[in-house]
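The values are calculated or read from the model by the stated rules, or taken from the named source; none is laboratory data. On a predicted model such as this, the values are computed, not experimentally measured, just so you know. Counting neighbours? That spans all protein chains shown, and the Cβs are built from the backbone with ideal geometry, glycine included. In case anyone asks, the SASA skips ligands and DNA or RNA and just uses the protein heavy atoms, side chains included. Shrake-Rupley method; radii C 1.70, N 1.55, O 1.52, S 1.80 Å.
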Amino acid sequence: MPLMMKMVDVFGSLRSLFKVQRISEDTMIFRLHYRATVALLLGGCVTLACKSISGSPIHCEASGSVDKIVLETFCWLHTTYSMVHAFNKSLGQAVPYPGVSNSKGDGMHGHASHPLVKQHKYYQWVIFFLLLQAILFYTPRWLWKGWEGGKIHALMMDLDIGLCSEVEKKQKKKMLLDYLWENLRFHNWWAYRYYLCELLALLNVVGQMFLMNRFFDGAFLTFGIDVLRFLESDQEDRIDPMIYVFPRMTKCTFYKYGVSGEVERHDAVCILPLNVVNEKIYVFLWFWFLFLGMLSFVTILYRIVIIFSPRTRVYLLRLRFRLVRREAVETIVRRSKVGDWFLLYMLGENLDTVIYRDVMHELANKLASRHHHSVPGIKGELQEA
């Protein structure tokens, strides 16, 4: 019962990752990286940790005078193994389980490198690996949080509510307008750092897929494809591909001195119950990373188009904020840079729509009537940032 209460407390703390924030400092796809993915990874980490605490992570059986606890501790610490040639043999006739067969002869040693032996070393590190993945997925968010510096929150001044007095509202709009006017064309570096965080998020997904492929001895990149093929085919004629990566039954060889002083060999069969959970976690993560990677790649292409196409910036502002007049949007985009566009877009996501419309119109009027205050060289047509 105390263990169940601890699990409830731990999972309850993960709810903060899904909490709806009042201020939006980034995009929804970026939030999928540091909220949804981190919650999934930490949830899997906590599940495995609780399962390890509540029950033994390995159960081994061997004939002879080997103490069961000693054998299981040894096999957990020194890894287990499977026989490669035994994966394709008939189950229940030639072998008791895929990968489990006689390992004597031909100089084979289950805990030494051999082409016919597949060692399983990962299961000791899965919990720590999931925790490391969660940290890596949160890193771009941590960087952006420091680089953003609370700029959007400071510029909002509670104008997202829109319920303040007219005098107060007018003062705050003037302060916001003054800031935008005085700092126009100086937000590129601020915006590019966010774009860098999005690029890091994409590289993180791709890198982690290759890292997991290394972690699972080269079997992870094609793992999801093999699973889909298995589900679509006649399952009675094929071995479940998940058994190759997450075997439930493996072998372990334990050596000890006998009563005569000679080394005795004890072959054990081990059950890995945690692999049932590992399998479900990583099957889901494979498809999730693939989906997240595609979304992130499209986002990077979208950012490139925004940087080099001012007309696209005009279209996106018009599409998202229809209360703002088109000529006002065109004036602002023409006389500003991509960093200003990003700041204005994020402010529009947070401010009251009517207040945002008023600020944009006043800024456009100011730019149109006093364009000589802008940086020299501005042309009358839309220009690239």
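What figure in square angstrom, to the nearest 10, would you give for the accessible area of residue 260 with a 1.4 Å probe?
Ignoring ligands and nucleic acids, residue 260 comes out at about 90 Å².
Considering the options 294, 329, 308, tell which one lies farthest towards the positive end of the dipole of segment 285-333, charges being +1 on Lys and Arg and -1 on Asp and Glu at the Cβ, about the Cα centre.
So the residue furthest toward the plus end is 329.
Might you work out the accessible area of residue 175 for me, using a 1.4 Å probe with all protein chains in place, and round it to the nearest 10 Å²?
Approximately 110 Å² for this residue.
Just to check I understand the Karplus step: with θ = phi - 60° and J = 6.51 cos²θ - 1.76 cosθ + 1.60, what whole-Hz values come out for segment 356-365, glycine and proline as x?
With the stated coefficients, segment 356-365 comes to 4, 4, 5, 5, 5, 5, 5, 5, 5, 5 Hz.
Over 18 Å between Cα atoms, which of 51/118; 145/337; 170/366; 121/256; 151/366 qualify?
51/118; 145/337; 121/256; 151/366
Pick out, in residue order, every one of the GluC sites (Glu not before Pro) in segment 259-357 that is DSSP loop and has at most 14 other C-beta atoms within 10 Å; say none if there are none.
Counting only loop positions with at most 14 other Cβ atoms within 10 Å, the GluC sites (Glu not before Pro) in segment 259-357 are 262.
What is the ratio of the Cα radius of gyration of segment 274-370 to 2.2 N^0.38 Å, with N the residue count, to two decimals?
1.57
With a 1.4 Å probe and all protein chains in place, put 34, 138 in order of accessible area, largest first.
138, 34
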